[in-house]
Amino acid sequence: MKHLPVLVLMCVAAGCATDGGSVIDKVRYDFGIGERPEGYVATSDLVMQRLAAVGQSEMRRMNREGRHGEIEFQDEGGLRGKYYKNVKVYQNAIPLEASATARGSTKDRGYVGYIEYTYEMYESARKNTRAEAEAESANIRTGETGREIYRYRFGATGAWDGSRGERTRR
């Protein structure tokens, strides 16, 4: 009875082994247990390579969507104040990590990749009305910078599905 789990594992390994144990070897390579043959590329490595292109594409999309910015009100006391536009401009995308997802069903298997974006804040000149502030371009640097991390999902083959990333603290 004590040897039953070992026997089952050996049967499963023998049943999966084809071409000299290639399935077992591939699993070992992906988990970093065995030496990879020359030219072998793990799917997580492939996803990591693709993250740079995903980051550039997503950065352009986020800048395009955020180009109108948000209209803020600067209170000057009493009922007086000025309106201005505040815009976040993403400047750099840095791939951080790619790893396999641990999901139960076969159809949900895949990979996740993390990208860190750096941004700088810009604002417009102060205007008397909201409409004037909306028409103004935000081209004054505030000196405020920041970083955000987004998570992206990839399929089992390492292909990005094109969906937007989810902001995360990781």
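Worth a mention:
- Percent RCO, i.e. relative contact order, over region 42-168, from Cα pairs under 8 Å lying at least 6 residues apart: 24
- Estimated FRET transfer efficiency when R0 is 35 angstrom, pair Ile140-Ala53 (beta carbons, to 0.05): 0.65
- Candidates Met121, Gln56, Phe73 compared by Cα position along the dipole of region 49-170: farthest toward the positive end lies Gln56, with charges placed on Cβ.
- Exposure proxy ranking, count of Cβ atoms within 10 Å, fewest first, for Leu51, Leu79: Leu79, Leu51
- Calculated FRET efficiency for the pair Glu72/Leu96, C-beta based, R₀ 45 Å, to 0.05: 0.90
- 5 angstrom amide H check on Tyr111, placed H, neighbours 5+ away: Thr101, Phe154, Gly155
Values in this text are rule-based calculations from the coordinates and carry no lab data. Predicted model only: the values in this text are computed from it and were never measured. Cβ: placed from backbone, ideal geometry, glycine included. Neighbour counts: every protein chain shown.
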